[in-house]
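Student: My questions will all concern the structure given below.
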Amino acid sequence: DVKVTQSSRYLVKRTGEKVFLECVQDMDHENMFWYRQDPGLGLRLIYFSYDVKMKEKGDIPEGYSVSREKKERFSLILESASTNQTSMYLCASSSGPREQYFGPGTRLTVT
Amino acid sequence: AQKVTQAQTEISVVEKEDVTLDCVYETRDTTYYLFWYKQPPSGELVFLIRRNSFDEQNEISGRYSWNFQKSTSSFNFTITASQVVDSAVYFCALSEKSYGQNFVFGPGTRLSVLP
């Protein structure tokens, strides 16, 4: 059974804090993705990676960075959290252009 | 440019009714994939089906069926005899061979099945 896990389901952070969101997949997928989902705006791609140590900007990379040191792990970093980064964050992985498998999501609140 | 449209923002049906969710896509590629995902209230997106551009055969899986028509650039999803557990947001998505691994998601359709 395919599995994508995210480090937290719910997270509350203060403005200005550095925030790490971790994602791990056990399917040996080369591609990994970070999205945020907001009401009325749908899913928006933040960053993706198609190989270890490789990263590409998505549609809304500002205020975020990523790290992929191992194939199975893809981290999203908020260098200095702001209230407009309060959102649901979804991680996904895939092999080639095929279906992406999603984690359970992290609901982040920045106060 | 690729695009996915789900014109129905919200649909409400009564249990046991059939319901069809529409998806229209735009692409210039001849090789592409189409997908449907379900997002229940718990929040996790669940993969339902993948269809590639060379396979227009309709698919049925239990109460779910999908109708892929290249002539109208549509990939519609029908739930037969809907149940309360079908209540969720449903997303249609497109990936193109030339666009690599990235998806374009539609805005989603919120389905409410009332008892």
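The values are calculated or read from the model by the stated rules, or taken from the named source; none is laboratory data. All values reported here derive from a predicted model rather than from experimental measurement. Cβ sites come from the backbone with ideal geometry, for glycine too, and all protein chains shown count toward neighbours. The area values use the complete protein model at the heavy-atom level, side chains included, leaving out ligands, DNA and RNA. Shrake-Rupley method; radii C 1.70, N 1.55, O 1.52, S 1.80 Å.
Student: Enter the mean projected area of the convex hull around the alpha-carbon atoms of the protein assembly as shown, in nm², rounded to one decimal. Write down the numbers at each step before the final one.
Tutor: Details: hull surface 49.6 nm².
The number I arrive at for the protein assembly as shown is 12.4 nm².
Student: Any idea how far apart A:Arg73 and B:Arg50 come out in nm if each label point goes 7 Å out from Cα toward Cβ?
Tutor: Placing both labels 7 Å beyond Cα along the Cβ direction yields 2.7 nm.
Student: Once ligands and nucleic acids are excluded and a 1.4 Å probe is used, how much of B:Glu44 is accessible, expressed in Å² to the nearest 10?
Tutor: About 70 Å², ignoring ligands and nucleic acids.
Student: With a probe of 1.4 Å, find how much accessible area the stretch B:1-66 has per residue, and write the answer as a whole number in Å².
Tutor: 57 Å²
Student: Can you pull the percent of the protein assembly as shown's accessible area that's carbon plus sulfur, 1.4 Å probe, other chains left in place?
Tutor: 48 percent
Student: What is the average number of partner chain Cβ atoms found within 10 Å of a Cβ in A:38-49?
Tutor: 3
Student: Based on the inverse mean of 1/r over its pairs of different Cα atoms, what is the Kirkwood hydrodynamic radius of chain B, in Å? It would help to have the intermediate numbers written out before the result.
Tutor: Values: mean 1/r = 0.0699 Å⁻¹.
Value: 14.3 Å, from the Cα pair sum.
Student: Take the eigenvalues of the Cα gyration tensor for the stretch A:32-85, scale each by 5, and report the square roots as semi-axes in whole Å, largest first.
Tutor: On the way: eigenvalues 82, 33, 15 Å².
Its equivalent ellipsoid spans semi-axes of 20, 13, 9 Å.
Student: Next question, about the same structure. For A:100-106, what's the mean count of beta carbons from other chains sitting within 10 Å of each residue's beta carbon?
Tutor: Mean number of neighbouring Cβ atoms from other chains: 5.
Student: Ballpark to the nearest 100 Å², how much total accessible area do B and A bury together, probe 1.4 Å?
Tutor: Answer for the B-A pair: about 1600 Å² buried.
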